[in-house]
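Bear in mind these aren't lab numbers, they're just calculated from the coordinates by the rules spelled out. Quantities reported herein were computed from a predicted structural model and do not represent experimental measurements. No Cβ is skipped: glycine too gets one built from the backbone with ideal geometry, and neighbour counts run over all protein chains shown.
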Amino acid sequence: MNLPILSLITFLPLAGAVLLIFIHRDRKNLLRFLSLGIAIITFIFSLTLYFNFNDQIPDPQFVEKADWLGYGINYHIGIDGISLFLILLTTFLMPIIILSSWTYIQKRVKEYLIFMLILQTGIIGVFVALNLFLFYVFWEAMLIPMYFLIGVWGGPRRIYATLKYVLFTMFGSLLMLVAIFFLYSMYYKATGVYSFNLFDYYNLILNPNIQIWLFLAFALSFAIKIPLFPFHTWLPDAHVEAPTGASVILAAVLLKMGAYGFLRFALPLFPDAVMKFLPYLAALSLIGIIYGGLMALIQKDAKSLVAYSSISHMGLIMLAIFALNTEAMEGAIYQMLNHGLSTGALFLIVGILYERSHTRMINDYGGVSKQMPVFSAFFLICMLSSVGLPGLNGFIGEILCIFGIFKANKLLAILGISTVILAAGYLLWMFQRIMQGPIKNEKILSFKDINKREIGYLVPIVIMMFWMGIYPKPFLSKMESSVTHLLNRVNKREIYFTKSQKDKDFLLEIEPKTTEEKNEEKEDKFR
Amino acid sequence: MNSFFALSPLLIIVFASLLVLLLDVFLKKENKNYLAYISLIFLVICGFICIKFWDKNYSYFNGNLILDNLSLFFIFILALATGFVILLSMKYISFQDVNYGEFYALLLLALSGVAIMLSSSDLLIIFLGLEVLSICSYALAGLKRTDEKSSEAAIKYFLLGSFATAFLVYGLALLYGSSHSTNISSIINFFVTESDLSIMALIGLGLVIIGFGFKIAVVPFHMWTPDVYQGAPTPITAFFSVVPKAVGFIVFLRIFTPYWKNALNTQAIFWILWVICVLTMVVGNLVALRQTNLKRILAYSSIAHAGYLLIAILARDNSSLVFYLTVYLFMNIGAFAAVIALSRKGKEYLELEDYAGIGFKYPWIGVTFSIFLLSLAGFPPTGGFLAKFYVFSTAVRQDLLPLVIIGVLASLISVFYYLRIIVYMYMKEPAREIEIAIENPALFLVLFFCLYGVLQLGLYPRNILVLINQAISSFF
């Protein structure tokens, strides 16, 4: 297949956005159908990635490489088993988001759709980039459409929320940029070759003292994006103020970028620093789990409840990643997809309610299920999926995560499981207050049940929830070899390094081509 | 090669300027746009000559005037900038009641001063060019004669500028006294070979740095910038923000490249520049946060950009400096073009509140202005990102890590005020009605040229980089 399929998927939405510019702003339905069509075509293309993906190869596939600016800055993209599913998640959700915004966005439809499509290009670009420069370009460029989406179509405090979001994210990423420069210059000094290639950097053996700083810069950037506990304050603001579509994409995909960054960059590039900071990172994740859950319990605003539940769930994902074993890692990636689906769905559901009543306060609702029985069923499924009911997707992910964490450290697993308990608490309580009981508000009597369009975009999500909950093998099998490869990279390097640590005065060197080491896994990282 | 040709760009510009002055007497008021066309034609010829003379290395006056590739590149670039400014002012002049003829003549004359400065490596001749540029600038700042702010700008610029010039001359005298030469390379040679430098020579060098620091508006020599930028006619502000800065940095480049190369006692000078650089970035960006006038915001932003450019000087990386200046030209003139677009007869809209809601009312102005602002803030995929990227990455390679960290944090601050303008344009409801004269083809031409420049330099600057490398290597 000579078609540059990955570039096509990445840039098709951008081309669509350019196309939309030339359509008159009053032809709203044409704009909507066109962008929906583009999103669906992108999704279909991305499915071919899944079917042509060879799960035996751990290294990136569909690689495209072209010279771009010189000095090591190349156009170099490819996907492995980790990024594959995140791309699929993005392309899967985008038509849903466009459908969900069909009537929600009435003002400035054209600009909204253009920014959505540009955002999609940015997100996919982040997941496919294998050149650090390219990665950074997409990582930053993606902020611009998100900035506009929150700032123009958001709620009353949107300007505060969007500036906070941009400044927080940029703070982290600029320091990461400095770290990237540092890696770049070290690589140049060590080899005399300019390179931003991620795989070249994988071969660098860095002095642990330098690694610490570089790791901190990378980790800060990703921790803000996830967000890990003390860096999370932008998230509730951004979520509450953002329009539904932007909330969905933010929760479902943008938060995953932080976790993806840890998997792709921070862990394999700086294994020694990882070992050093592992306890702290695990502690922060754990605090995030409990703090997010407790905060979610006391929220009065349905949207900020879901936002805090995101912090809690992402905490579990990060805890699983920091367990550094295959089960936990696969569970974490699987759980990223689950979280994308279920939290995305919950935001859609809050959006559906908001469109009818224009309030997000939980107390304004009550007894909605009498008026909206079909909607009630969907809400229940999505809510249970987020709680982690067996048979639905959340269960598989959480159980894998908890297994993996348990293998690494029992205490953390026991504390980490509180995410499930807390989730059951706040989500069921929210469901009860909104959907059940007597009808408190007369407005609710005028609610219409969800229409075909709304069913249309909820059904695919629910199908996926059941599928991923009952038969996860097609997903797990594709990611397995990439995950083991990643873990090898982290662990093998550590072994290599302890061997060579005697000779202390080297700054860095290029790893000699060692023979393939066996898949040794060190499980007890936390002890 | 010693050839009279070396003078041709200079002569053409001066000739154009005199021709415009002469024709101004004979043309009726409604026909004065022809003056702009004539100036543009001569600028095109000048640009064409620059292309033709590439790699020729013509020189004249015993090598005191050399057209090496570096100077050709910048004469071309700054002639382009002047062309943009002329295009921007065609409507503006009639709207804002500025005087016609001398406007273009002074601009061209200022450009001739620039050409002298760019093509010389003798500090005394550079000084001559600087004076031509400066005196034209003082007059240009005050061309809105009925406007108090404009006159204030002119006076302020003139007084402070004369002081800076005095410093520069005194510094030159001291340098000549100690090194017995005004030629840059022999002065630097003196600095490098002399083991025991006299105080006189060091003070001389310091005073020269102050003199040029004033021109490129680095902190603490920046006080004139906001007031002059605010008071001067807006196209002239665009000119001020780009041209003197670019020239000043090229002179710095000519001074410091040989100096860094074999300097043993770089320490003092290095740290002075380091401190100036940090101050410039921090003060420029912090003060910009509190401004509500667009021209003042852009003034402080241009101060901050001088700081990033100084990083390139400190990192001893000429090509990233030249690239940054090139990108800076497009994005800054573009931003000013968008500001000029928001005006009508007798009225300019310069307060932030005026910008509320214009993003949707005037989509093209909104989009292009946003892109220029994002580029100034350093977002990919614009040229501004790549420019900062090159500067910062080479600085890291030169072990200037603390400077780079301060630089990126300063540019984080800058993100806030650039985005605040976009917030007003797109996210606030208009507080008052504004009405602008939309039919201004020359201005839109500039907007789109600059947009093209910013995006081309951000996405695929290969060809320009090749040219820049040729320019840099010719000068070594």
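List of remarks:
- √(5λ) per eigenvalue of the Cα gyration tensor, chain A, largest first, Å: 38, 26, 20
- Per residue, the convex hull spanned by the Cα atoms of the protein assembly as shown amounts to 167 cubic angstrom.
- Along chain B, counting only GluC sites (Glu not before Pro) with a DSSP assignment other than H, G, I, E or B and at most 15 other Cβ atoms inside a 10 Å radius, the longest segment between sites is B:195-432.
- Paramagnetic label reach from residue A:473 (point 7 Å along Cα→Cβ; backbone nitrogen cut-off under 19 Å): within region A:332-353, residues A:334.
- Alpha-carbon spread of region B:227-329, three principal axes, descending order, Å: 46, 23, 19
- 3J(HN,Hα) along region A:427-433, derived from phi through the Karplus expression 6.51 cos²θ - 1.76 cosθ + 1.60 where θ = phi - 60°, amounts to 6, 5, 5, 4, 4, 4, 5 Hz, with x in place of Gly and Pro.
- All lysines inside 17 Å of residue B:347 as judged from Cα atoms, apart from same-chain residues fewer than 8 positions distant: B:91, B:144, B:149, B:295
- Cα centroid separation - region B:54-97 against region A:259-317, whole Å: 56
- Once the mean of 1/r is taken over each pair of separate Cα atoms and inverted, region B:74-145 shows a Kirkwood hydrodynamic radius of 12.7 Å.
- Span-like helix ranges in chain B, DSSP H, alpha carbon extent 18 angstrom or more, Kyte mean at least 1.0: B:8-26, B:33-52, B:69-96, B:101-118, B:123-141, B:199-216, B:267-289, B:294-314, B:318-341, B:363-377, B:401-427, B:441-459
- When every Cα-Cα distance of region B:268-476 is counted in 10 angstrom steps from zero, the calculated P(r) takes the values 9, 34, 33, 17, 6, 0 percent.
- Evaluated at q = 0.06, 0.07, 0.09, 0.12 Å⁻¹: base-10 log I(q)/I(0), Debye formula over Cα of chain B: -0.24, -0.33, -0.55, -1.02
- Value at 222 nm in deg cm²/dmol, rounded to 500, when DSSP H runs of n ≥ 4 in the protein assembly as shown each add -39,500 (n - 2.57): -24500 deg cm²/dmol
- Within chain A, longest stretch clear of exposed GluC sites (Glu not before Pro) (DSSP loop, no more than 10 other Cβ within 10 Å): A:1-515
- Geometric extent, Cα atoms of region A:325-500 - Rg, Dmax (angstrom): 20.0, 73
- Axis angle, to the nearest 10 degrees, between helix A:271-297 and the longest C-alpha principal axis of chain A: 10 degrees.
- Within straight-line reach of residue A:370, meaning a Cα separation under 20 Å, sit the following aspartates and glutamates at least 8 residues removed in sequence or on another chain: A:355, A:442, A:449, A:454.
- Considering only alpha-carbon pairs that sit under 8 angstrom and 6 or more positions apart, the relative contact order computed for region B:268-476 is 30 percent.
- The distance separating the Cα centre of region B:118-160 from that of region B:385-451 comes to 27 Å.
- Relative contact order (%) - criterion: Cα under 8 Å, at least six apart; region: chain B: 15
- Percent RCO, i.e. relative contact order, over region A:325-500, from Cα pairs under 8 Å lying at least 6 residues apart: 37
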